[in-house]
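**Q** Have a look at this one.
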Amino acid sequence: MLESRTVAKVERLQPALAWAAAFSQATLSAVSRAGTWAAGTAQEFGSAVAVLMAPAVLSAYAFALWSLTADLGWTDSFPFAAGPLSNWMIWLGAAVALHMASHVLNRHQSRD
């Protein structure tokens, strides 16, 4: 008698189990498609950032040189007269960091 009750309960649960299996398969499929889309979008975004970093690197090096020449008295003024942005070493450090990041992005894009 106990066995027939168990079988009856399992038979009643069968549609719910089938629905749960179909739902999990559909969810995994949707997540897989979203992951593929995200990877493609990240590649496109990375290439756009790599292209746009070249002018930023050039600008940072130009600001470093301009700040250095202002400190040496070779130029009249620099836009940032006081504060951390008035130091040419800050600009040079930022330029080197941007240049390294640009190099890494470009190398990663050329590998793919």
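The values are calculated or read from the model by the stated rules, or taken from the named source; none is laboratory data. The shown structure was predicted, so the numbers you read here are calculated from the model rather than taken from an experiment. Here the Cβ is made from the backbone with ideal geometry for all residues, glycine too, and neighbour counts use every protein chain on show.
**Q** Going by the structure shown, is ALA60 at pLDDT 80 or above and either in contact with a Cys (Cβ under 9 Å, 6 or more places away or on another chain) or farther than 30 Å from ALA94 by Cβ (or both)?
**A** Spelling it out, it is not the case that ALA60 is at pLDDT 80 or above and either in contact with a Cys (Cβ under 9 Å, 6 or more places away or on another chain) or farther than 30 Å from ALA94 by Cβ (or both).
**Q** Let me ask something additional. Which ones in the stretch 86-106 are surrounded by 15 or more Cβ atoms within 10 Å (Cβ to Cβ), hydrophobic (A, V, I, L, M, F, W, C) and either over 19 Å from LEU65 (Cβ atoms) or touching a Pro at 6+ places or on another chain (Cβ under 9 Å) (or both)?
**A** ILE90, ALA101, LEU105
**Q** Take the conditions surrounded by 11 or more Cβ atoms within 10 Å (Cβ to Cβ), at pLDDT below 80 and not acidic (Asp, Glu) and apply them to GLN109. Does it pass?
**A** When the stated conditions are applied, GLN109 passes them.
**Q** Still on this model: If we scan the stretch 34-55, do we find a residue that is more than 19 Å from the chain's Cα centre (by Cα) and hydroxyl-bearing (Ser, Thr, Tyr)?
**A** No, there is no match, as no residue in the stretch 34-55 is more than 19 Å from the chain's Cα centre (by Cα) and hydroxyl-bearing (Ser, Thr, Tyr).
**Q** Return the residues of the stretch 74-85 that are aliphatic (A, V, I, L, M) and either surrounded by 11 or more Cβ atoms within 10 Å (Cβ to Cβ) or at pLDDT 90 or above (or both); say none if nothing qualifies.
**A** LEU85
**Q** Among the residues of the stretch 84-112, write down those that are under 16 Å from the mean Cα position of the chain (by Cα) and among the polar types (S, T, N, Q).
**A** Result: SER102, ASN106, GLN109.
Residue-by-condition table, conditions (1) outside any loop (DSSP other than H, G, I, E, B); (2) touching a residue at least 40 places away in the same chain (Cβ under 8 Å); (3) under 29 Å from ARG111 (Cβ atoms); (4) of a type in the set (A, V, I, L, M):
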| position | (1), (2), (3), (4) |
| --- | --- |
| THR41 | yes, no, yes, no |
| GLU44 | yes, no, yes, no |
| MET53 | yes, yes, yes, yes |
| LEU68 | yes, no, no, yes |
| ALA81 | no, no, no, yes |
| LEU85 | yes, no, no, yes |
| ALA97 | yes, no, yes, yes |
